[in-house]
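Engineer: Take a look at the following structure, please.
Just so it is clear, none of the values below were taken in a lab; they were calculated from the coordinates. Just so it is clear, the structure is predicted and the values come from calculations on it, not from any experiment. All Cβ positions, glycine included, derive from the backbone under ideal geometry; neighbour counts span all protein chains shown.
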Ligand code: AMP
Ligand code: ZN
């Protein structure tokens with residue numbers, strides 16, 4: 001079976017057939033860097049990480065671009081409020097974003113283009129749209145896309161064409177655009193924009209958000225690409241508008257497969273900055289949660305289902321990860337002379353079948369845990385041979401190329417590391433009282449110590 005993905009455009013599962021054999025061109029809408037990203041945003045970025053890791057596991061070469069939106073109303077206003085020039089302001093948040101990706105073990109895109117790097121190319125595209133009568137210039141020097149000029153508008157979001165037309169004409173003095181549904185390709189400079197502007201044939205201004213993605217996708221990946229992703233809130237208007245612009249600029253499709261992840265929610269509501277119901281990654285780390293347990297939580301629910309985020313879920317994820325790491329420790333401890341007993345088969349087929357089915361990660365994890373449970377049983381009964389244990393370890397390593405939660409360097413703070421070492425010294429000098437005291441202290445801080453024949457290991461509670 002080949003990988004089936006749910007294409008938002010057709011509302012159907014479709015086999016992935018890349019334009020070029022063996023290569024997948026992937027564009028994912030990135031963050032607007034006016035503030036720290038919240039873990040709702042990372043739910044979408046995590047789904048994209050799963051997709052990319054699974055494509056790589058399946059043998060594709062993935063060419064991945066994620067844009068950084070570093071100019072819009074919010075970035076301009078916030079940078080002015082904080083008195084930091086826009087470039088520096090957005091560079092700081094971009095750095096924070098990249099650090100968070102790293103902590104969550106999300107593989108960074110091959111390119112992270114900033115919108116402000118491509119303004120001349122965006123201006124050229126807007127000029128073409130004006131020349132082709134798909135866009136018009138207002139008196140103040142803004143440029144709007146004329147939605148009426150693109151009959152396919154609304155196909156992705158399944159908008160009702162009658163509704164779109166009905167009552168959409170607005171008085172010019174209210175909007176300065178011909179129809180309410182028209183959207184800005186270029187925004188004329190306003191006094192409140194301060195020093196932020198670029199030259200254009202229509203006067204100084206800056207690009208609209210939607211044209212940024214159309215241009216960066218085309219320039220870096222080509223006029224037609226395989227997959228474009230975002231959260232479901234991107235379907236309309238952002239992705240609908242991207243399609244309209246790109247289709248009016250070039251012949252042929254813009255994107256073959258559109259994938260959208262459902263929202264991360266809190267108490268039934270979308271996590272968002274505007275509702276104030278959000279956590280940043282740092283907020284959760286400050287509560288003592290492990291970034292990899294957060295990774296597992298964001299990863300573990302199918303991307304087209306809403307994910308209700310709770311701390312209990314993160315705790316459950318930590319236990320699941322501990323079980324996987326425990327099986328690795330036990331497999332590593334199988335002695336060299338343990339005889340292979342049976343034809344021990346790996347669950348590769350079922351694991352792959354689950355992920356081929358529109359990235360059904362919950363099913364894939366159920367396959368892994370069923371198999372891991374069996375491995376524990378064999379090891380308890382001492383009927384797992386050395387060769388079988390090595391093969392199982394190799395398989396877990398392969399699966400972890402997708403999961404990214406088992407074979408990673410774990411770090412604890414230097415104070416905790418010092419306590420672990422102090423306890424080792426206490427134990428070697430038979431100071432059991434001190435050793436136990438340190439063990440209890442660490443437990444109170446969420447660190448469990450286990451003394452194994454190979455030395456003391458630690459894990460999070
Ligand atoms: P933004 O920085 O607002 O442009 O958002 C970056 C990405 O995060 C977009 O793909 C959004 O669709 C996605 N996103 C925003 N809020 C959530 C949420 N609560 N759950 C999942 N994805 C989200
Ligand atoms: Zn975008």
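Engineer: Taking the mean number of other Cβ atoms within 10 Å as a proxy for protection, how do you rank 433-446, 300-313 from highest to lowest?
Structural biologist: 300-313, 433-446
Engineer: Under a point spin-label approximation (7 Å from Cα along Cα-to-Cβ), what is the residue 14-residue 2 distance to one decimal in nm?
Structural biologist: Taking the simple label geometry, residue 14 and residue 2 are separated by 1.2 nm.
Engineer: Report for the chain the percent antiparallel among DSSP-assigned beta bridges with both residues inside it, nearest 5.
Structural biologist: Around 55 percent antiparallel, to the nearest 5.
Engineer: Return one quarter of the surface area of the convex hull spanned by the alpha-carbon atoms of the chain, equal to its mean projected area, in nm².
Structural biologist: 26.1 nm²
Engineer: At 0.36 nm per residue, and after removing the present C-alpha to C-alpha distance, how many nm does the segment from residue 159 to residue 429 gain when stretched out fully?
Structural biologist: Here the answer is 89.8 nm.
Engineer: Next question. Label the range 366-461 by shape, choosing from rounded, prolate and oblate, from the square roots a ≥ b ≥ c of the eigenvalues of the Cα gyration tensor; if a/c is under 1.5 it is rounded, and otherwise prolate applies when a/b is larger than b/c, oblate when it is not.
Structural biologist: Prolate, because a/c is 1.5 or more and a/b exceeds b/c.
Engineer: Please find the FRET efficiency linking residue 443 to residue 343, where r is the Cβ-Cβ separation and R0 is fixed at 45 Å, and quote it to the nearest 0.05.
Structural biologist: FRET efficiency, residue 443 to residue 343: 0.60.
Engineer: Same structure again: Using per-residue counts of other Cβ atoms within 10 Å, averaged over each peptide, order 128-141, 23-36 from highest down.
Structural biologist: 23-36, 128-141
Engineer: Okay, next question. Over the alpha carbons of the range 4-261, what is the largest minus smallest coordinate on each principal axis, giving the biggest first in Å?
Structural biologist: 54, 46, 28
Engineer: Please work out how much length the chain gains when fully extended from residue 149 to residue 383, using 0.36 nm per residue of separation minus the C-alpha to C-alpha distance, in nm with one decimal.
Structural biologist: 77.2 nm
Engineer: I would also like to ask the following. If a/c stays under 1.5 just call it rounded; otherwise compare a/b with b/c (prolate if a/b is bigger, oblate if not). Do that for the range 260-307, with a ≥ b ≥ c from the square roots of the Cα gyration tensor eigenvalues.
Structural biologist: oblate
Engineer: Taking only DSSP H segments of four or more residues, each worth -39500 (n - 2.57), what value at 222 nm results for the chain once the sum is divided by all its residues, to the nearest 500 deg cm²/dmol?
Structural biologist: Estimated from H runs of four or more residues: -14000 deg cm²/dmol.
Engineer: Let me ask something else about it. Using Cα-Cα distances under 8 Å and only pairs 6 or more residues apart, what relative contact order does the range 4-261 have, in percent?
Structural biologist: 24 percent
Engineer: How much of the DSSP beta bridge set in the range 4-261 is antiparallel, as a percent to the nearest 5?
Structural biologist: Taking every DSSP beta bridge within the range 4-261, about 45 percent pair in antiparallel fashion.
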